[in-house]
1. Mind sorting B:Phe4, A:Phe52, B:Phe44 by how few other Cβ atoms lie within 10 Å of their own Cβ, fewest first?
2. Once the Cβ-Cβ distance between B:Leu74 and A:Lys105 is put in as r, and R0 is 22 Å, what FRET efficiency do you end up with, to the nearest 0.05?
3. Quick check: the distance between the Cα centres of the stretch A:10-48 and the stretch B:42-61, to the nearest angstrom?
4. Using Stokes-Einstein with the Kirkwood hydrodynamic radius over Cα pairs, what translational diffusion coefficient do you get for the protein assembly as shown at 25 °C and a viscosity of 0.890 mPa s, in µm²/s rounded to a whole number?
5. According to a simple spin-label model (label point 7 Å from Cα along Cα-to-Cβ), what is the distance in nm between B:Asp127 and B:Ile54?
6. On a full-extension model of 0.36 nm per residue, what is the gain between B:Val27 and B:Leu142, subtracting their alpha-carbon distance, rounded to one decimal in nm?
7. Taking every residue in A:57-65, how many Cβ atoms of other protein chains lie within 10 Å of its Cβ, on average?
8. Rounding to the nearest 10 and keeping the result within 0 to 90°, find how far the Cα-based axis of helix A:4-24 lies from the longest principal axis of chain A.
Amino acid sequence: MITLGDYLIVSGILFVIGFAGVMLRRNLIIILMSLELMLNAANLSLVAFSRFRVDSNGLPNYNAQVFVFFIITVAAAEVAVGLAILVALYRARQTTDVKDISSLKF
Amino acid sequence: MSLFLFWLFALLTVIFGAAVVINRNPVASALSLVVSFLGLAALFMSLNAYFIGIIQVLVYAGAVMVLFLFIIMLLDLRVEERHQINWLASAGGLAVALILLSQIFSVVGHLPIAHNAFPPLPGSTIDDVRNIGAALFGNYNLPFQIIGVLVLVATIGVVLLSKREPR
């Protein structure tokens, strides 16, 4: 029997993997990919809760799925802008390593 | 059978998600991310969210990953050379991640509804594209319009960002 908790655990593990990627990796592209992983982990738990809340008509709660739709749209826009910033940065500094970009470091 | 499929796709998603972080080659990371997203799309479909699953495949595994691969090829990123790892910082980051993981486990373990199975749906098929569309254009019309403006702004921003400045 698959419970709500199983999906939440998978979603939590996925979020932690993305979080560890952001904390540990230095390549900006990998950091952006890890951010995508974290957003998707949130999406998975939203969809699981949506399926869990079946209303009186026998339908899942679609508010959560609309929210997931918005998250996917925003994430796609975010990736496009992030990668454009990355390309601009690479043009200026010839690097994608966060260790080499420390002008604003306190 | 559905239990087997759930664990298969959950393991696929998690293992290839971990491979994204572990791989040193950016191209291998991006391809692992594609597999992870496909597994996630299958998990969405196992939750009867077919529309979200299809969108996941089209937008993430399709458009976003092509963008990532395109940029990786454009910048010609090589496999990172093995440089000095700051062990203290890495251990700190890993410790924070593990604390977060144990926190999530304990919260899910103590959540009473987490031990309940999903309630059955009465119909064998559900018309979820129609229902999401009705919600999107009815109740969520204003956010939907705003998201359209956001995408337009992002498009213009990307064009401006990638324009080469005249010297």
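Just so it is clear, none of the values below were taken in a lab; they were calculated from the coordinates. Keep in mind that what you see is a predicted model, and the values were worked out from it rather than measured. Positions of Cβ are generated from backbone atoms using ideal geometry, with glycine treated the same way; all protein chains shown enter the neighbour counts.
1. Values: B:Phe4 8, A:Phe52 21, B:Phe44 27.
Ordered by Cβ neighbours within 10 Å, fewest first: B:Phe4, A:Phe52, B:Phe44.
2. Values: r = 27 Å, r/R0 = 1.25.
E between B:Leu74 and A:Lys105, to the nearest 0.05, is 0.20.
3. For the stretch A:10-48 versus the stretch B:42-61, the Cα centre distance is 17 Å.
4. Numbers: Rh = 20.0 Å.
After rounding, the answer is 123 µm²/s.
5. Taking the simple label geometry, B:Ile54 and B:Asp127 are separated by 1.5 nm.
6. Values: separation 115, 0.36 × 115 = 41.40 nm, distance 3.89 nm.
Net length gain for the segment: 37.5 nm.
7. Values: counts 2, 6, 8, 9, 1, 11, 4, 2, 11.
Counting Cβ atoms of other protein chains within 10 Å of each residue's Cβ and averaging gives 6.
8. Helix A:4-24 and the main axis of chain A meet at about 0 degrees.
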